[in-house]
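Here's the structure, in structure tokens; my notes come after.
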Amino acid sequence: MKQRNLYIKTFGCQMNERDSEIIEQLLLPMGFLPVADMGKADLILLNTCSIRAKAEQKVYSLLGQLRQYKLSNPRLLIGVAGCVAQQEGMRIQQKMPHVDLVVGTQQMYSLPELIGRLDNGQSLKPRIDLDPCFRIPALREISAAGKQPPSPAPRSFKKFVTIMQGCNNFCSYCVVPHTRGREISRPVADILDEVRSRVEAGATDITLLGQNVNSYGQTNQVADHPVTFADLLRQVAEIPGIRRLRFTTSNPKDLTDELMRCFAEIPILCPHFHLPVQSGSDRILAAMNRKYTVADYLDRVAGLRRYRPDLALGTDIIVGFPGETDTDFEQTMALLEEVRFHSSFSFKYSDRPGARSSSFDNKVSERVKSERLTRFQKRQDEISLARNKEYLESTVETMVEGEGKNGLVQGRSATNHLVHFPGTAERALRPGEVVLVRIDGAGQHSLTGTLLNEKI
Ligand code: SAH
Ligand code: SF4
Ligand code: F3S
């Protein structure tokens with residue numbers, strides 16, 4: 001079989017990153033090996049994100065640049081996968097005729113067949129069916145089908161495992177239910193198998209992924225008895241060899257006491273939690289169709305902190321949702337002061353195709369959105385810095401990631417903080433190893449410290 005070079009450019013969320021890994025594995029048996037240089041590729045695949053207009057624009061702008069690549073190498077294949085592919089379908093090839101292949105979020109498993117057809121000189125229609133029978137095959141099924149080693153990628157200690165696809169929540173601003181389809185949970189046995197095979201291959205840091213993991217198992221039968229996400233988490237945690245377990249994302253409306261208690265009961269569950277609130281105004285939360293109030297959210301935060309006082313809390317915020325007044329925005333700022341999130345991702349509201357809020361009145365101007373975003377981010381930076389200073393003079397278990405800036409070693413704390421520290425000539429550190437670091441410096445986005453000699 002002829003070897004060919006594959007370059008996948010991944011945009012968007014961790015689920016897309018995991019999908020790109022699966023695509024790599026699917027294409028390996030066809031002789032495709034990943035390369036780091038896009039210029040050397042025989043197949044360039046963009047795995048795309050459509051969450052905000054800007055994300056979609058990035059895809060079109062890169063596709064525009066790829067026209068040149070195709071002119072200099074007519075045998076080059078260009079494909080678009082992921083959420084923009086799902087949303088745009090035919091329109092991609094109408095705007096960008098040099099694109100050979102468009103494959104939606106639930107059709108990526110047909111990539112080997114589609115590429116085979118392109119190899120035979122056939123042209124293809126976009127495959128963007130949101131097939132409700134979709135299920136994510138376990139890793140071993142993919143490798144068995146391809147009769148090849150499971151992954152050409154270097155061994156990595158940090159792995160994502162997708163536990164469900166799609167979303168049923170229809171938050172009014174969000175494109176995801178339209179691009180990923182209805183919620184489907186993977187069977188427990190498949191997930192446990194995949195985690196086990198990850199751990200056997202050297203992973204020690206596992207993150208379970210879904211758009212709303214809290215509703216795992218609620219919308220389709222995934223075991224012979226009802227299973228909650230907390231049940232699944234406990235079963236995954238029993239697999240020997242995992243040092244750190246995380247999960248994302250959670251919608252506060254489905255955050256049960258049972259799940260919050262896991263933070264107290266499962267020792268390897270990291271004290272880091274991403275709980276997107278979106279707004280501090282009940283009026284805006286209702287218009288967003290989030291189905292919780294600020295009081296509900298604060299109640300969950302108090303519960304989480306009761307179970308795990310050292311929990312580092314992160315969130316997502318949208319500023320300038322249609323109809324957001326100065327008063328609504330001040331309520332978001334007040335919530336920031338009250339919770340003092342360790343970190344947050346904040347975004348200007350963006351109209352998305354299919355999302356209900358695109359047709360809402362009272363759109364907020366770009367200028368006001370920018371002002372609000374800047375104000376929010378400035379205050380968050382101050383709070384993050386103050387939060388990070390709370391770690392000064394403490395000893396932090398740090399998982400080594402590799403070489404960081406200025407020749408320092410880069411690692412990550414269980415609270416998900418970046419930790420930088422000087423290595424020593426006597427002790428070679430392996431990525432994935434956990435070491436003790438005494439924190440002596442705190443910035444907005446990272447901590448610095450000194451490696452301690454004690455082993456853990
Ligand atoms: N499933 C996750 C969110 C995934 S999208 C959850 O429910 O929390 C990641 C973040 O993008 C969202 O939390 C939201 O803050 C932001 N986002 C989603 N749609 C957006 C839009 N139309 N405009 C601006 N930000 C948006
Ligand atoms: Fe989008 Fe809401 Fe679903 Fe998250 S829970 S993916 S924000 S619809
Ligand atoms: Fe983006 Fe799709 Fe993920 S829109 S955030 S890649 S689910």
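The values are calculated or read from the model by the stated rules, or taken from the named source; none is laboratory data. If you're wondering where the values come from, they're calculated on a predicted model, not measured in any experiment. All Cβ positions, glycine included, derive from the backbone under ideal geometry; neighbour counts span all protein chains shown. Remember, those area values only see protein heavy atoms, side chains included, never the ligands or the DNA or RNA. Shrake-Rupley method; radii C 1.70, N 1.55, O 1.52, S 1.80 Å.
Restricting LYS54, LYS58, LYS95 to residues that are away from ligand 1 (no atom under 16 Å from the Cβ) and either open to solvent by 10 Å² or more (accessible area, probe 1.4 Å) or at positive phi (or both) narrows the list to LYS95. Residues in segment 271-286 that are more than 19 Å from ASN212 (Cβ to Cβ) and out of contact with any helix residue (DSSP H, G or I) (no Cβ under 6 Å at 6 or more places or on another chain): PRO271, ARG283. Among the residues that make up segment 50-72, is at least one of them within 17 Å of VAL99 (Cβ to Cβ), in the same structural domain as GLU113 (by TED's automatic domain parsing), within 13 Å of ligand 3 (Cβ to nearest atom) and of a type in the set (Phe, Trp, Tyr)? Scanning segment 50-72, I find no residue that is within 17 Å of VAL99 (Cβ to Cβ), in the same structural domain as GLU113 (by TED's automatic domain parsing), within 13 Å of ligand 3 (Cβ to nearest atom) and of a type in the set (Phe, Trp, Tyr), so the answer is no.
Kindly evaluate PHE347 against the criterion of being of a type outside the set (Gly, Ala, Ser), without any contact (Cβ under 8 Å) to a residue 60 or more places away in the chain, in contact with a strand residue (DSSP E or B) (Cβ under 7 Å, 6 or more places away or on another chain) and within 16 Å of ligand 1 (Cβ to nearest atom).
No, not satisfied.
Criterion applied to GLU113, GLU88 was being surrounded by fewer than 19 Cβ atoms within 10 Å (Cβ to Cβ), of a type in the set (Asp, Glu) and within 29 Å of the chain's Cα centre (by Cα), and the one residue passing it is GLU113. Candidates are the residues of segment 90-111 that are part of a loop (DSSP other than H, G, I, E, B) and under 15 Å from LYS70 (Cα atoms); the one that is farthest from ligand 3 (Cβ to nearest atom) is PRO97.
All told, LEU192 falls short of being within 16 Å of ligand 3 (Cβ to nearest atom) and either under 20 Å from the mean Cα position of the chain (by Cα) or not assigned by TED's automatic domain parsing to the domain that holds GLN87 (or both).
When ILE184 is tested against the conditions (1) modelled with pLDDT under 90; (2) more than 16 Å from ligand 3 (Cβ to nearest atom); (3) among the aliphatic types (A, V, I, L, M), the lone failure is (2). Restricting attention to segment 208-227, the residues that are open to solvent by 10 Å² or more (accessible area, probe 1.4 Å) and within 21 Å of the chain's Cα centre (by Cα) total 4.
Each residue in segment 275-288 was checked for being part of a loop (DSSP other than H, G, I, E, B) and within 11 Å of ligand 1 (Cβ to nearest atom), and 5 of them qualify.
Within segment 316-361, work out how many residues are within 16 Å of ligand 3 (Cβ to nearest atom), more than 13 Å from ARG379 (Cα to Cα) and of a type in the set (Ser, Thr, Tyr). Count: 4. Criterion applied to LEU298, LEU269, LEU313 was being more than 24 Å from the chain's Cα centre (by Cα), more than 16 Å from ligand 2 (Cβ to nearest atom) and of a type outside the set (Lys, Arg), and the one residue passing it is LEU298. Within segment 164-207, the set of residues being part of a helix (DSSP H, G or I), out of contact with any Gly (no Cβ under 6 Å at 6 or more places or on another chain) and open to solvent by less than 10 Å² (accessible area, probe 1.4 Å) comprises PRO177, THR179, ILE191, GLU194, VAL195. Within segment 277-313, the residues that satisfy the criterion of being under 18 Å from SER384 (Cα atoms) and either surrounded by fewer than 19 Cβ atoms within 10 Å (Cβ to Cβ) or among the charged types (D, E, K, R) (or both) are ARG305, PRO309, ASP310.
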